[in-house]
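Derivation of every value follows stated rules applied to the coordinates shown; laboratory data play no part. Keep in mind the model is a prediction, meaning the values are calculated, not measured. With ideal geometry, Cβ positions are generated from the backbone for all residues, glycine too; neighbour counts draw on all protein chains shown.
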Amino acid sequence: MKPRVHAWLVNGALASCTALVLFPLFWMLSVSFMQPGEANNLPPPMLPLHPTLANYRELFAHAGMGRYFANSLVISTSITLLSLACNTLAGYAFAKLHFAGRERMFGVLIGALVIPAQVAMLPLFLLLKYAGLINSYWAVILPAMASVFGIFLVRQYARGIPGELLEAARVDGAGELRIFIQVVLPLLKPILVTLAVFTFLVAWNDFMWPLIALTGQQHYTLPVGLASLSREHVQDSGLMMAGAVVTVVPVLALFLALQRYYLRGLLLGSVKG
Amino acid sequence: MNRGTAAWLFLAPALLVLGVFFLLPVFAGLGLSLTDYDLYALADFHNLRFVGLANYWDLLHRPLFWAALGHTLYFVIVGVPLSMLCSLGTALLLNASAARFKPFFRTALFAPVVTTVVAVAVIWRYLFNTQFGVVNFVLTHLGISPIDWLGDPHWAMPMIILFAVWKNFGYNMIILLAGLQAIPADLYEAACIDGASAWQQFRQITLPALTPILLMVGILTVSGYFQLFAEPYVITEGGPLQSTVSVLYLMYDQGFKWWNMGTASAVAFLLFLVMFVATALMWRFGEGRESVA
Amino acid sequence: MTQRPPARIAVLLAGVAALLLAGCSASSQHVTTLEFWTVGPEGEAFAQLLPEFEQANPDIDVRVQRIPLTAAHEKLLTAYAGDSLPDVVQIGNTWIAEFAALHALVPLQPRVAPSKVIHADDYFASAWATNVIDGTLYGIPWYIDTRLLFYRADLLRDAGFDTPPRNRAEWRAQMDAIRATSHGTRWGALLPTNEYDQLLALALQQHVPLLRDGDRYGNFGSAAFKRTLAFYADLFKRGDLPDWTNVQVGNPWQAFGRGEFVFYLSGPWNIGEFRKRLPASQQGEWSTAQLPGPNGPGDSVAYGSSLVILRHSKHQDAAWTLIEYLSRPDVQVRFYELLGDLPARRSAWESPALKGDPKLRAFRAQLEHMRPAPQVPEWEQIVNMMQQVAARAVAGELTVDEAAAQMDTQADAILAKRRWVLARQHAAIP
């Protein structure tokens with residue numbers, strides 16, 4: 001096949017795939033600016049006739065989206081920071097600190113990955129209920145404060161730290177914690193950013209557990225609030241699309257800004273090891 | 001402090017969290033599945049009864065459980081290969097030397113992965129609306145009569161499969177792309193000199209090199225697809241005629257809608273069992289193929 | 001570079017911690033904050049009356065939360081399980097038995113006795129009775145609700161009928177005619193297949209209970225219920241009714257206004273909705289009619305919302321003040337004017353707004369012919385199951401006999417725990 005035809009075919013295929021893949025997101029954006037009820041017509045409109053911000057105003061004024069956004073932000077940020085701390089400490093320990101049973105314990109943790117999280121959800125709900133923590137931010141934050149995937153990621157990366165650096169610091173008389181903060185953390189910076197982006201995205205998009213654990217509307221995160229809205233306002237497509245935009249745009253923006261780190265983490269966690 | 005103690009102190013926060021908020025509930029869940037914990041028990045603990053394996057027995061005799069399992073298997077068996085095909089296809093396109101604007105295409109094709117399931121599920125619900133949806137509009141223009149995606153029990157699950165493929169194929173695409181890029185170019189050059197066609201090159205060089213990655217990615221995708229929940233919850237609420245009830249949806253329905261927590265726990269453990277068997281089988285199959293290759 | 005990050009992180013953590021604390025704690029001053037959950041549009045209407053209430057009661061601050069009807073039962077149970085129930089809830093009367101069994105509600109008789117506003121005999125008897133479980137009063141009826149026919153009188157005339165149907169046979173004949181004269185472009189009625197109200201209303205007309213033996217076993221195998229189920233499924237088979245869920249309908253008010261169907265089996269809130277959403281020119285074209293029964297105008301289901309106080313509420317006196325306010329006849333009339341909610345108090349019906357409204361005549365008549373659903377805690381689960389099985393019968397997957405048998409099997413299974421609890425209570429009584 002001639003190279004030029006080949007090039008046209010390949011790029012044409014890529015372009016059409018991209019168009020198909022991105023169309024729902026484009027439609028979401030377009031409908032969010034349409035007049036109420038405009039989208040429920042035939043033929044389905046692609047672009048708003050008279051673009052309006054009414055849906056967004058309704059969303060924040062009456063549907064309480066601002067509150068959900070704030071909840072999502074607080075919860076996702078807390079989870080990211082706290083889990084970064086726990087996972088990094090543990091990942092480094094598994095990678096570079098020798099102790100009895102290290103490999104076996106790590107194997108057990110990896111084995112735990114096989115268990116789907118939902119098995120734990122019901123008893124976890126009861127546990128948090130008896131502790132009085134249901135319907136608070138902590139119900140969502142506490143279980144997410146450590147993750148096997150995060151520990152795994154940090155461990156993979158930390159293995160690459162030359163042991164001589166650590167030995168030299170120990171010889172100088174530094175304690176383990178000092179070594180960790182002053183020598184190891186700076187070296188782990190790339191993976192920390194990766195893990196932070198990963199964790200934030202997962203926490204922001206998390207749906208099933210917040211749906212269960214956050215029983216009061218004032219604590220809803222964006223996905224839960226949006227699902228609740230979708231039950232009530234199934235006919236208001238403009239309003240729902242505006243809600244979808246508000247939910248999707250932050251994480252898309254975060255991803256676009258830091259995709260280098262995100263993709264690297266994805267590969268590190270899957271291909272190696 | 002000595003290194004051993006330091007290690008345990010470093011591990012303590014993570015292990016504590018995982019132990020208390022994951023491992024402990026998993027074991028408690030096993031115990032819960034042996035009781036008939038429900039609304040009455042929620043109100044008054046004395047209404048709790050130990051029932052042994054009765055919940056499992058009841059579930060295995062309940063048609064809805066088997067239906068849910070069937071729907072989930074349908075989703076996995078059709079959805080995973082479809083998703084992997086799309087991932088492999090787009091990865092091959094992105095890896096082609098003739099492709100331009102690779103970073104842009106790669107980002108665009110990956111974008112659905114980072115979106116929130118709930119938000120995009122809502123979008124798809126409108127796109128597939130029987131009367132006003134864009135999809136039916138296009139179909140009618142192509143001469144095909146409109147399909148009642150949300151109302152016809154035969155079409156609701158395919159719609160959800162399409163949705164899941166659209167949302168997730170980008171993830172595996174990136175991994176497969178990295179795998180493709182790791183294949184040395186001179187292998188292809190040598191094959192080209194030998195006169196091998198593109199298809200032969202794919203079969204003899206690409207596929208064998210990718211097999212370990214394909215297997216791993218396949219197992220991960222299967223395991224993820226078994227946990228189908230958000231899509232039926234948001235798009236179809238398990239309908240129409242309960243044709244999109246997945247095992248996890250059943251668990252949520254029993255556990256958090258009707259508070260039959262004993263039954264719901266049993267559902268969760270049965271799902272775990274099925275997933276374990278399925279992924280173990282795939283792993284064995286993969287090992288066998290690798291030792292042959 | 002190595003010294004900065006810890007300080008920055010510390011500041012960030014402190015900021016997050018502050019936000020967390022702010023989100024968790026409630027403000028407590030000398031003003032009592034009352035949490036009031038409403039279901040459906042009542043919350044919006046109450047928001048309009050709220051300034052008046054707060055002026056009369058400056059020490060009470062009411063926080064209203066609206067829950068959509070489709071999620072209400074789930075949300076209430078989840079809140080119960082999560083210990084996050086509010087102070088006052090507008091609760092459907094079919095759920096009172098359930099929440100009473102959960103010990104979630106405060107008995108209200110001690111408060112009603114000395115009350116100057118609430119007098120038991122001013123309420124419709126069937127409404128008051130649905131709030132009494134095992135002799136204890138748990139809720140105050142707020143508005144009553146039932147299901148009857150909304151219909152497009154103009155389209156009915158086009159099909160050749162001047163009056164709405166009086167019995168089931170007539171109704172069926174009218175719908176057949178509508179299909180014929182419109183050449184299949186118009187449906188006879190809309191009864192969404194994922195809503196149980198319509199079949200339940202029809203089933204209650206037969207005067208044979210849906211549960212038997214002290215409400216411990218299903219009674220869907222009775223000849224009476226099977227007749228109703230057959231009538232219901234047959235309507236779909238003849239093409240009078242579209243086999244649609246309420247999701248597929250999309251916007252039912254738009255569809256009614258466009259004349260996609262002539263009859264709509266629904267409730268009083270749609271009086272307000274149709275007045276709001278249909279253009280003024282169409283307001284004369286729709287009307288209401290009593291639900292047709294097997295042999296003449298039939299019964300319908302005695303629904304309604306009640307106001308209840310939750311046992312864990314720390315502000316029960318303030319909650320009672322709110323309930324008394326909402327139970328005032330004049331306030332009930334205001335809700336009618338805002339939403340179309342039917343007052344539960346007879347005195348409210350004497351006001352000119354309700355007496356003179358022609359669309360209400362059918363409702364007033366229907367109110368004298370209402371039957372309650374069985375008052376068991378598992379009722380919501382049972383009636384949902386009933387509709388799921390009925391939908392399969394409608395789709396042709398099951399015959400009427402098979403469907404009825406399945407409903408009984410599943411109802412018996414759902415009620416198993418209740419039988420055990422009752423047996424235990426019985427054994428405990430010497």
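In terms of the Cα gyration tensor, with a ≥ b ≥ c the square roots of its eigenvalues, is region B:1-89 rounded because a/c is under 1.5, prolate because a/b exceeds b/c, or oblate?
Numbers: a/c = 3.65, a/b = 1.12, b/c = 3.27.
Verdict is oblate for region B:1-89.
Taking every Cα-Cα distance in chain B and sorting them into 10 Å bins starting at zero, the pair-distance distribution P(r) comes out as 6, 20, 25, 24, 16, 7, 2, 0 percent.
Within the shell of other residues whose beta carbon sits under 12 angstrom from the beta carbon of residue A:21, the net charge comes to +2, with Lys and Arg scored +1 and Asp and Glu -1.
Could you give the semi-axes, largest first, of the ellipsoid that matches chain C, computed as the square roots of 5 times the alpha carbon gyration tensor eigenvalues and rounded to whole Å? Could the numbers behind the result be given before it?
Values: eigenvalues 310, 148, 129 Å².
In descending order, the three semi-axes are 39, 27, 25 Å.
Take each residue in B:124-134, count the other chain C-beta atoms within 10 Å of its C-beta, and the mean is 6.
Going through region A:63-109, which trypsin sites (Lys or Arg not before Pro) have at most 10 other Cβ atoms within 10 Å and a DSSP loop state? Can you show the working numbers first?
Numbers: sites: A:67, A:96, A:102, A:104; in loops: none.
Filter output for region A:63-109: empty list.
A cut-off of 5 Å between modelled amide H atoms, ignoring neighbours fewer than 5 places along the same chain, links residue C:137 with C:108, C:109. Each Cα pair under 8 Å and six or more residues apart adds its separation to the average, and for chain B the resulting relative contact order is 28 percent. Take each residue of peptide A:184-197, count the partner chain Cβ atoms within 10 Å of its Cβ, and average: the result is 1.
Rg and Dmax of region A:59-270, both derived from C-alpha coordinates alone, stand at 19.9, 69 Å. Within the listed set C:239, C:250, C:267, the Gaussian network model of chain C (springs between alpha-carbon atoms below 10 Å) gives the highest mean-square fluctuation for C:250. For GluC sites (Glu not before Pro), the sites in region C:264-366 that DSSP calls loop and that have at most 14 other Cβ atoms within 10 Å are C:350. Under 5 Å from the amide H of residue C:309 lie the amide H atoms of C:106, each residue being 5 or more positions distant or on a separate chain, with H modelled from the backbone and absent for Pro and chain starts. Relative to the first principal axis of the alpha-carbon coordinates of chain A, what is the inclination of helix A:65-96, with its axis defined by its Cα atoms, in degrees from 0 to 90 and to the nearest 10? For helix A:65-96, the angle is close to 20 degrees.
Modelled spin labels at residue C:132 and residue B:274, positioned 7 Å past Cα toward Cβ, are 4.9 nm from each other.
Highest mobility in the GNM of chain C, judged by mean-square fluctuation with C-alpha springs under 10 Å and restricted to C:187, C:379, C:420, is found for C:420.
The Cα center of region A:189-259 and the Cα center of region A:3-26 differ in position by 29 Å.
Using just its DSSP H runs of length 4 or more, each adding -39500 (n - 2.57), chain B gives a mean residue ellipticity at 222 nm of -22500 deg cm²/dmol after division by all residues. Packing, taken as the mean count of other beta carbons within 10 Å per residue, orders the peptides B:31-44, B:56-69 from highest to lowest as B:31-44, B:56-69. Taking the Cα centroid of region A:86-152 and of region C:185-257, what is the distance between the two, rounded to the nearest whole Å? What the calculation gives is 49 Å, centre to centre. Would you please classify the overall shape of region C:309-430 from the alpha carbon gyration tensor, given that a ≥ b ≥ c denote the square roots of the eigenvalues, rounded means a/c under 1.5, and beyond that prolate means a/b larger than b/c while oblate covers the rest? Oblate, since a/c reaches 1.5 and b/c is not below a/b. Placing one equal scatterer on every Cα of the protein assembly as shown and applying the Debye formula, the log10 ratio I(q)/I(0) at q = 0.08, 0.09, 0.10, 0.11 Å⁻¹ is -0.87, -1.09, -1.32, -1.55.
Show me the trypsin sites (Lys or Arg not before Pro) within region A:187-273 that DSSP assigns to loop and that have at most 15 other Cβ atoms within 10 Å of their Cβ. Could the numbers behind the result be given before it?
Working: sites: A:231, A:260, A:264, A:272; in loops: A:272.
Answer by residue number: A:272.
Computed from label points 7 Å out along Cα-Cβ, the spacing between residue C:154 and residue A:256 is 4.9 nm. Judged by the mean number of other Cβ atoms found within 10 Å, the most tightly packed of the peptides A:46-54, C:177-185, B:175-183 leads the ranking B:175-183, C:177-185, A:46-54.
Could the peptides A:176-189, C:222-235, B:141-154 be put in order, highest first, of the mean number of other beta-carbon atoms found within 10 Å of their residues?
On the way: A:176-189: 16.7, C:222-235: 18.6, B:141-154: 14.6.
So the peptides A:176-189, C:222-235, B:141-154, ranked by packing, come out C:222-235, A:176-189, B:141-154.
How many partner chain Cβ atoms sit within 10 Å of a residue's Cβ in peptide A:143-150, on average, as a whole number?
Working: counts 6, 2, 6, 10, 4, 3, 0, 1.
Mean partner shielding for this stretch: 4.
A prolate overall shape is assigned to region B:55-133, the ratio a/c of its alpha-carbon gyration tensor axes (a ≥ b ≥ c) being 1.5 or greater and a/b exceeding b/c.
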